[in-house]
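The structure appears right after this line, and notes come after that.
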Amino acid sequence: MSPNNRAIAYDFHGDTPFTVPFAQIKPKDIHIYLDLDTKVGKKTCGQNCSHCWFVNYEKAYNKVFAMEEGLRIKETLEREGYKVFARYTDSFAYKGDFMRLFGPAHNRSFHQEAEHKPTDTMHKGDAWTSGRPLLDGNYVELLDLARESGYGTISITFHGLLDENLKLLDEKRYPLHGVFSGADTEKVVKRIFDYNARIGEQPPAFRVNIGVTIGKHNHSRESLVRYAHYFNAMGVDTVRFNNFTDHGRRHPELQMNRVEIEQVYRDIKWLHNNVALNFQLAVSEDFGTYGVEVMEFPSTVGWCQAGRQLFTVIPTEEKVVKETADERHEKIGDIVACVNIFEPYLGKLLRKINTTDQSTTYELEFDHQAIDDFSDKRVRGVYKNGCFARELLEEKPAELTQAAIAAISLRDRASAPGVTV
C-alpha cells in the first residue's frame, strides 16, 4: 500500500503559452524577483559559497539598491499590478533590517496539485537564510522579529552527506566549499523548534523548509532515501530538491547529465510512492523537462516561465538615458530572464525624475522584441529543455567575476601534470 504523502510541491510562475505575444500578458500575471542586495559575507548570509550565483556572475556580484529606494521600487511595481518578490542574499541580513522595512516576503512561488494550489509556505512570509545568522547569540531577537513581521516559514539549504546510519559524514567529504555545514543546520533547526516550544503557538510559530542541492555527489536513490529518513527524524515541514548548476564553472564534475536527471525524477517519484514522509516533498523547476513526465505534474510545470512571466531585476550602474526640459530618466537596473544566471538581458528599470518638483517614480521598460524572439527560440527548439540555463551558458557563457576566474585557473593548474599550487 502506498503511503498517504502530501502532494509533491513545484515552482509555479504562470502557464501562459509561449506563443502568446508578451504584449498580451498583463502585469498581474508577471512575477518580478527584485534583487535588492546581492552582497555575501558577514553582514548578510555569513557565507562565501563557491557555487553561489551571486558570487560567480559579474552582472549580479556585490550589487545593491539603497534599502529605502528598494522599498519605493517594490511599492511602485506592485501598484502597477506586478507580483514582486523582494530578495536579499539572506532574509536576516543586516541584523534584520530587511525584515523591519519590507515585512513578510517570499523567495519563490510554491504550488501543488492540478489546480496550482499555493502550498503552506505561501500563507505567510518565507525567510530565506543560510542559517548562519541564527547561529549567533541574537537568534531569539531575530526570530522574534521574523514572527512579529509576519513570517511563518524559515528556509535553509542543507549541505551534507549521510552514511548508512543517517549520520553526517565529515564535512571535508562534501564537495561544495564555503557553505553552512549540515551539523550547524542541525543546531539551527533545533533552535527554531525550541523557540516554537517556548512560544507555544498552534500551529507553531515557524515551519522549517530544507533545500537540498542534488548533483553527482548525492543523486543516487540510496542518497535520496537517506535524506528522507534523516529529515523525517528531524521533524521539518518541507524538503525541496534542486538541481546543481555549475555557476562559475568551478565544479563541472558535479553536474548531472540528462540520463542522471531523468533517473533522479524517477527516484523522487519512487520515494514519494514508497516511503512515508512526515514532510511535504518539493522539486525545483531547475531539473527541467527531461524526464519530468513521471512526476505527473500539470503539463506546463518544468517549462520555466523566466523571460515571459518571471523576470529578475538587478541593480546596475546608473546612467541617464533620456533628459527633457521637465523630466530625466535614469537606468538603475537590468531586467533579465533567468533568476540564477541573469541572462538574457530583456530590458531595464528606470528611475523617472520630475525635474520641476523632484518627484520620482519607477518603470519597467521591457524589450518586447527581445522577449518574443527568446520565446520563439524556445518554441522552435533552439533551447530544448524547460530549464534553459545550461543551454544558454553553453551558447554564450556569462561574464564571470574575478574570483570565479581565479578559482578556475587554480583548478586547472592543480590538475596539470607536474604542477603544484
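Among [x] 21.5, 69; [y] 33.6, 126; [z] 21.5, 74, only one was calculated for this model; which label is it, if the read-out is Rg and Dmax of the Cα atoms in Å?
[z]
Per-residue HN-Hα couplings for segment 326-343, Karplus 6.51 cos²θ - 1.76 cosθ + 1.60 at θ = phi - 60°, whole Hz, x for Gly and Pro?
Along segment 326-343, the couplings run 10, 8, 10, 10, 10, 6, 10, x, 9, 9, 10, 7, 5, 6, 10, 10, 6, 9 Hz.
Are there GluC sites (Glu not before Pro) in segment 31-98 that DSSP puts in a loop and that have at most 16 other Cβ atoms within 10 Å, and which ones?
E58, E80
Cβ neighbours within 10 Å, averaged per peptide: list 325-336, 45-56 in order, most packed at the top.
The packing order, highest mean first, is 45-56, 325-336.
Given a 1.4 Å probe and every protein chain left where it sits, what share in percent of the accessible area of the chain is carbon and sulfur?
Carbon-and-sulfur percentage of accessible area, whole number: 49.
Once amide H atoms are placed 1.01 Å from N in the peptide plane, what residues at a sequence separation of 5 or more from L162, or on another chain, have their amide H within under 5 Å of its amide H?
L169
Please list, in order along segment 40-47, the HN-Hα scalar couplings obtained from phi with the Karplus expression 6.51 cos²θ - 1.76 cosθ + 1.60 (θ = phi - 60°), rounded to whole Hz, x for Gly and Pro.
Calculated HN-Hα couplings, in order: 10, x, 4, 7, 10, 7, x, 10 Hz.
Write out the cysteines belonging to the chain for which the nearest other cysteine Cβ is not under 4.7 Å, or none if no such cysteine exists.
Result for the chain is C45, C304, C338, C387, no neighbouring Cys Cβ within the cutoff.
Mind checking which lysines have their Cα closer than 18 Å to the Cα of K59? Skip sequence neighbours fewer than 8 apart in that chain.
K39, K319, K331, K348, K396
Given the rule -39500 (n - 2.57) for each run of at least 4 DSSP H residues, summed and divided by the residues of the chain, what is its mean residue ellipticity at 222 nm, to the nearest 500 deg cm²/dmol?
Helix contribution divided over all residues of the chain: -9000 deg cm²/dmol.
Search the structure for amide H atoms under 5 Å from the amide H of G46, placed 1.01 Å from N in the peptide plane, and list their residues when 5 or more places away or on another chain.
Hits under the 5 Å cutoff: G41.
Exceeding 19 Å between C-alpha atoms, which entries from my cross-link table qualify? They are K74/K95; K26/K74; K117/K384. Show your work: numbers first, answer last.
Working: K74/K95 21 Å; K26/K74 17 Å; K117/K384 28 Å.
Those over the limit are K74/K95; K117/K384.
Could you give me the ³J(HN,Hα) list for segment 303-319, computed from phi with Karplus coefficients 6.51, -1.76, 1.60 and θ = phi - 60°, whole Hz, x at Gly and Pro?
My calculation for segment 303-319 gives 8, 4, 8, 4, x, 9, 10, 9, 9, 10, 10, 10, x, 9, 4, 6, 8 Hz in order.
The values are calculated or read from the model by the stated rules, or taken from the named source; none is laboratory data. Since this is a predicted model, take the numbers as computed values, not measurements. We place every Cβ from the backbone using ideal geometry, glycine too, and count neighbours over all the protein chains shown. For the accessible areas, the whole protein counts, side chains as well, though only heavy atoms, and no ligand, DNA or RNA atoms are used. Shrake-Rupley method; radii C 1.70, N 1.55, O 1.52, S 1.80 Å.
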